Amino acid sequence: MTVKKQTGAKLAAPKAPRVKVRLRLDKLCLAVDGRTAAELIQNAQTALKETRFIELRLDSISKPAEALAPLKKFIHANPGASVIATCRRKANGGGYTGSLASEFEVLIGAAEAGCQMVDLELESAEAAKAAQIDELRKTHVGGKKNAKAAAAANGIGIVDEIPLALMISYHDYQRTKQLEKVAERIEAFEPDYVKVVSTAKSLNDNLMVLDLLSARSAESQIVAIAMGDEGLLSRILGPREGAVFTFGASSESKGTAPGQITARAMRDLYRFDQLDGATKIYGVFGNPILHSLSPVMQGTAFRREGMNAVFLPLKAHSAEELLSFFRKLPMAGAAVTMPFKLDVMPHLANCDAFAQKTGAVNTLRMGADGNIYGFNTDIAGIVRPLERRMKIAGAKIAVLGAGGAARAAVYGLVAAGAEVFVINRTHEKAAALARKAKAHTLKHDKLAKEPMDVLINATPCGMTGSRTSLPIAKNELNAKLVFDLVYNPLETPLLQLARSRGIPVISGVEMFVQQGAQQFEIWTARPAPEADMLRSVLHALEEGHEEKS
Ligand code: NAP
C-alpha cells in the first residue's frame, strides 16, 4: 500500500510494528545447566519441582545438539512446562564455541523440540543476516508436523498454532552502564522479549536496572537484572518495577549466574511475586553480607505479621554508598552490620543515647521528616535476656572482651545499674573502655577469685573457625550465670562447661533475636513476633548458616 502526498510523490507506508508473541509465563524462571545432556535434562526435571518455567543452558554441554532428542521427550512428558532454550556463545559469556550458523541451528532444533522461547544474544543478532533471524522466528514450536497435527485436530486449519517467542539478550559481565542504549539496540530487532543483564559493582547500580524496567515495561516485555552479590536486590525487586519475570536457581549449588537466589528464598523469604508499589523496603547493610541471618529473621517477622514489607541483604562498600542508596530507593529502615556500624554515625541527623555513647549504630529508620535516624539495639540484645532472668541493678557482671559487642554490653549494663568488670586480652583497651563507661577493670588472673553474678563472653573464642575454644581456663569459671554472645555453634564450649557445672546459660542467639526484635519495633511500632524470629534463626543455623549479625 502507498500513500500519496499532495505533491504527488509516492511514499512507503510506515511499517506496522510486529505483533509480539505473549506467552503465559510464571514470574520465576529457573536457569538450568549440566555437564552432559542427561544431567541437563535431569536438572531440568528437578527444577520443575519449584516452577513451571525453566531456561535450559544448552551451551553448558559440549555438544548441545545431543540434548535435542532428550529435550523433545522431556517437553512431551511435561506439557505444562515453559522452556527457554539458550545457546550462548563463549565470546558473549556462555560456553558455546561453535559458529554463528550452528548457534542458529541449535536454537531452531530446540524450538522444534518444543521450547516456546529462544534466547539469542544481541551480538549474534547483530552479526546474523536478516534471513537467519527470520528463519528462526518462523520455526514452529514442536516442529512443523506437530503444528499441522494440532491444526487438523482443532479443525480450523490454523497451522501456526504455537508461535515461537524470540528473546534477545545482552550480558555485561563487568559493569552496569548505558542500559537504555543497550535496550534500544535490542528493540531494533523487535523481539518478543528483551533481556538486559549487567553486573552490579555498587548498590546504586541496581537503581539503574530498576529505572530501566519502570521506563520500558509498559511497551516492552522486558527482563533486567544486575548480576553479583551487590545486584541481588534487582532480582527480587525487578518484577515490582515491571519485569515480566526474574531468574533464580533451583538450589544454592545450582545457580548459573553470580547472585542467583534459590526459588524457595525468592518466594517464601522475599515474596518477590507479592511486592508492589506500597511495599516497604528494609534490609541489612554489610560486607560480606550473604550469610547474614537478619533477612531470614526479619523476613519471617514481616510475613508472620502480614506486613507488606521486604527485607534484603545489601552488600555495600562504604557508609556514603549505603546512605545514598537508602535515600534514593527509598528504604523505610535498615540494619547495619560490620564494617559500617561506626562509619554511618557522623552522617545521621540524630542518634539514640546508646548509639551516641557507644559510637556505633546498628539500626536506621527513615523519619517522617525525610531524615535518617540511628539507633543501637545491640544493647537491648544483651540487657533484655538478662533482665528477664534477674535483677540487673547491683549485680556483679564480668565482660570478657573490649570490642564492639563488649562495648554494647558494658554501656548497657552500667546504665541498668550493674557493677561491670571489663577483662580483655589487651588490658589497655579494657582500661579505656572501663574509664569511659564508668565500669571497672579486672586482670584475667584475678577472675577465678572474684565471684560474679554473670560472666559474659564478648570475644570470638568458641566460634566456629576460632582457634581458641574457651575464653577462660576451666578453673576460672566462678559465676552464677553465663551468657555467651557467640552463637555458632549454638552450644559453645563455654556453655558446655557452664552446663556441666550446673550453671544456667544464655546463648548468643538470644542476643541476636533480641537486638532484631527491638529493630522490628523501631521500624514498625509493633511488638516483634519473637518466638517466630527465634525459630527461623535456629532453623537457619541448623541448616548450616554462618554467624553474622
Ligand atoms: P571485635 O570488635 O573484633 O572484638 C573482639 C574482642 O575479643 C577484642 O576485645 C579482642 O581482644 C578479643 N579477642 C579476640 N580474640 C581473642 C582471643 N583469642 N582470646 C582472648 N580475647 C580475644 O568483635 P565484636 O564485634 O566485639 O564481636 C565479638 C564476638 O561477639 C563475635 O565474634 C561474635 O561471636 C559475638 N557477637 C554476637 C552478636 C550476637 O548478636 N549474638 C553480636 C555481635 C557480636 P583484643 O582487644 O586484645 O584484640
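The values are calculated or read from the model by the stated rules, or taken from the named source; none is laboratory data. Just so it is clear, the structure is predicted and the values come from calculations on it, not from any experiment. In this analysis, Cβ positions are derived from the backbone assuming ideal geometry, glycine residues included, and neighbour counts consider all displayed protein chains. Note: accessible area is taken over every heavy atom of the protein model, side chains too, but ligands, DNA and RNA are not part of it. Shrake-Rupley method; radii C 1.70, N 1.55, O 1.52, S 1.80 Å.
Quick notes
- Heavy-atom accessible surface of the chain, averaged per residue, reaches 44 Å², computed with a 1.4 Å probe.
- The relative contact order of region 266-401 comes to 20 percent, based on Cα pairs under 8 Å that sit 6 or more residues apart.
- Ranked by the mean number of other Cβ atoms within 10 Å of their residues, highest first, the peptides 449-458, 507-516, 42-51 fall in the order 507-516, 449-458, 42-51.
- Convex hull of Cα atoms in region 390-503, direction-averaged projection (nm²): 6.5 nm²
- The HN-Hα couplings worked out from phi for region 363-371 by the Karplus form 6.51 cos²θ - 1.76 cosθ + 1.60 (θ = phi - 60°) are 9, 10, 9, 7, x, 4, 8, x, 8 Hz, whole numbers, x standing for Gly and Pro.
- Span from the region 380-451 Cα centroid across to the region 313-359 one, whole angstrom: 26 Å
- Each principal axis of region 281-378 carries a Cα extent, and these read 33, 30, 25 Å when sorted largest first.
- Charge-dipole axis of the chain as Lys and Arg at +1 and Asp and Glu at -1 on Cβ define it, positive-most pick from 463, 485, 203: 485
- In the chain, Cα pairs under 8 Å separated by at least six residues give a relative contact order of 9 percent.
- A Förster distance of 56 Å, applied to the separation of the beta-carbon atoms of residue 525 and residue 69, puts the FRET efficiency at 0.40.
- Chain lengthening between residue 468 and residue 369 when straightened (0.36 nm per residue, less Cα-Cα): 30.9 nm
- Region 68-149 - percent relative contact order, Cα under 8 Å, separation 6 or more: 32 percent
- Isotropically averaged projected area of region 12-52, using the convex hull of Cα atoms (one quarter of hull area), nm²: 5.1 nm²
- Stretchable slack from residue 19 to residue 173, in nm (0.36 nm times residue separation minus alpha-carbon distance): 52.3 nm
- Remark: region 94-111, residue by residue, has Karplus-estimated 3J(HN,Hα) of x, x, 7, 10, x, 6, 4, 4, 6, 4, 4, 4, 5, 5, 5, x, 5, 5 Hz, where x stands for each Gly or Pro and the curve is 6.51 cos²θ - 1.76 cosθ + 1.60 at θ = phi - 60°.
- Computed on protein heavy atoms with a 1.4 Å probe, the accessible areas place 208, 345 in the order 208, 345, largest first.
- Of all accessible heavy-atom area on the chain, the percent that carbon and sulfur account for (1.4 Å): 52 percent
- Residue 342/residue 415 FRET efficiency (R0 25 Å; Cβ-Cβ; nearest 0.05): 0.80
- In whole angstrom, the chain maps to an equivalent ellipsoid with semi-axes of 57, 25, 19, each derived as √(5λ) from the alpha carbon gyration tensor and ordered largest first.
- Magnitude of the charge dipole, region 253-368, Cβ model with Lys/Arg +1 and Asp/Glu -1, debye to 20: 240 debye
- Taking the C-alpha atoms only, the angle from helix 404-415 to the longest principal axis of the chain is near 50 degrees.
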